[in-house]
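What follows is calculated from the coordinates using simple rules that are stated; it is not laboratory data. Please read these numbers as outputs of a predicted model, since none were measured by experiment. Here Cβ is always computed from backbone atoms with ideal geometry, including for glycine, and neighbour counts include all displayed protein chains.
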Amino acid sequence: MRRGLRPWPRRYPRPPYDTIIALQNTVHLGRGGLNAVPPTASPMLTAAEARWVASELRHALKETSMRTSLIALVLIGSVATAAAAQPGAAPRNDLPQPYRTERDWGELPPGVAWAAVTAIESAPDGSLYVVHRCFENSCAGRPEAPILKYDASGRLLASFGQGLLVFPHGGTVDHEGNLWISDAGSAPGLGHQLLKFAPDGRVLMRLGEAGVSGSGPDHFDQPTDIVVADDGDLFVTDSHRNGRNNRVVHFRPDGTFVAEWGRKGSGPGEFSEPHTIAIDSRGRLFVGDRENNRIQIFDQSGRFLEEWRQFGRPSGIAITADDRIYVADSESWAPTRARTSCPASRRAFASAPPARASSTRSSRTGNRRRPTTRAPRVWAWTRRGTSTAAWCGVACWSATS
């Protein structure tokens with residue numbers, strides 16, 4: 001049996017090296033015939049790449065048993081589907097959009113304007129917690145309340161958290177209706193903590209030492225998010241941009257440390273800015289490994305299960321009771337290519353644009369340089385594929401797929 005792939009055909013533009021490696025993993029001629037990588041682990045292929053892979057598989061069909069041939073046919077179908085779904089010359093932005101935008105939702109306290117909104121969490125009683133960063137992008141030294149509690153119509157019920165948070169980041173509501181918030185900022189006596197709030201705003205628990213960055217069971221370095229399992233156990237993603245830990249930390253409901261896993265890297269179980277975490281009905285943990293452009297899936301002991309790469313750079317993950325996963329990809333573009341902006345007609349706004357942006361700055365992420373406009377009350381999600389075109393919107397997939 002012929003093993004491996006033939007040289008890349010000259011009639012097709014040679015793809016990047018990492019694409020060739022991915023194709024070699026997708027079409028592997030090994031013992032027992034073809035071993036198909038699940039479609040979620042396969043790259044999104046261009047039409048030319050798909051034709052080449054299909055040609056390889058047809059050669060393999062002549063050399064393998066009927067059982068192996070059926071596997072190969074299934075993989076050819078998966079490759080063709082992936083090629084059809086891949087945005088090539090133009091972005092794919094024609095999927096159903098059943099939602100209606102309601103602008104300027106939510107009553108605000110007097111004198112308060114929306115800052116950067118970082119979390120919206122629903123409570124068992126139907127109320128909503130909206131977390132924002134007080135003024136522009138920070139609560140340091142600000143009098144505004146970072147946590148606003150609403151009913152479903154947008155009527156303001158309560159506001160709290162003044163002076164307790166610097167850079168509120170992720171959050172979740174546990175089964176008792178208590179709100180957990182991660183503070184990824186740092187200031188004297190504040191930051192690097194997880195805070196648990198009662199529905200009336202009282203602080204019930206703190207994890208981490210206020211204002212002190214560190215590792216180990218008693219400290220965090222810019223914790224980004226938290227999720228609560230059915231038994232009340234807590235799972236925290238720890239380290240924001242350029243953080244020191246890059247890990248997931250497991251605690252009991254009373255805050256007792258259980259375990260941690262992860263380190264800086266790009267292999268299975270390694271992270272580069274674990275930015276968000278969610279849990280499905282089976283208890284699996286979905287970690288948005290943002291700078292590695294993937295979601296990693298673990299069991300609650302930290303055992304790596306699989307990774308998904310179809311969501312760009314995941315900044316937020318939400319999983320509903322029926323295991324529908326929503327992934328917010330807020331800053332994707334390929335690191336080695338020029339940025340392509342979202343066409344204005346294809347941006348997804350969560351609320352009305354302001355008269356002008358508050359400030360414009362330039363920030364560096366890895367080896368990419370990106371312009372950033374701080375524009376309160378405006379959010380647009382952009383997903384980059386492997387082409388040079390942009391895809392705009394919110395990605396929605398089934399968590400069981």
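Miscellaneous remarks
- Matching residues, the stretch 226-258, being under 20 Å from Val173 (Cα atoms), surrounded by fewer than 16 Cβ atoms within 10 Å (Cβ to Cβ) and polar (S, T, N, Q): Thr256
- Pairs, first more than 23 Å from Val258 (Cβ to Cβ) and free of Cβ contacts under 8 Å to residues at least 24 places away in the same chain in the stretch 189-208, second small (Gly, Ala, Ser) and assigned to a loop (DSSP other than H, G, I, E, B), C-beta under 7 Å, six or more apart: Gly189/Ala210; Gly189/Gly211
- Residue tally, condition within 27 Å of Asp174 (Cβ to Cβ) and either surrounded by fewer than 20 Cβ atoms within 10 Å (Cβ to Cβ) or among the polar types (S, T, N, Q) (or both), over the stretch 280-305: 14
- Of all the residues in the stretch 287-335, those that are free of Cβ contacts under 8 Å to residues at least 12 places away in the same chain and of a type in the set (Val, Ile, Thr) number 1.
- Those residues of the stretch 186-206 which are surrounded by fewer than 22 Cβ atoms within 10 Å (Cβ to Cβ) and either among the aromatic types (Phe, Trp, Tyr) or part of a strand (DSSP E or B) (or both), in sequence order: Ser186, Ala187, Leu190, Lys196, Val203, Leu204, Met205, Arg206
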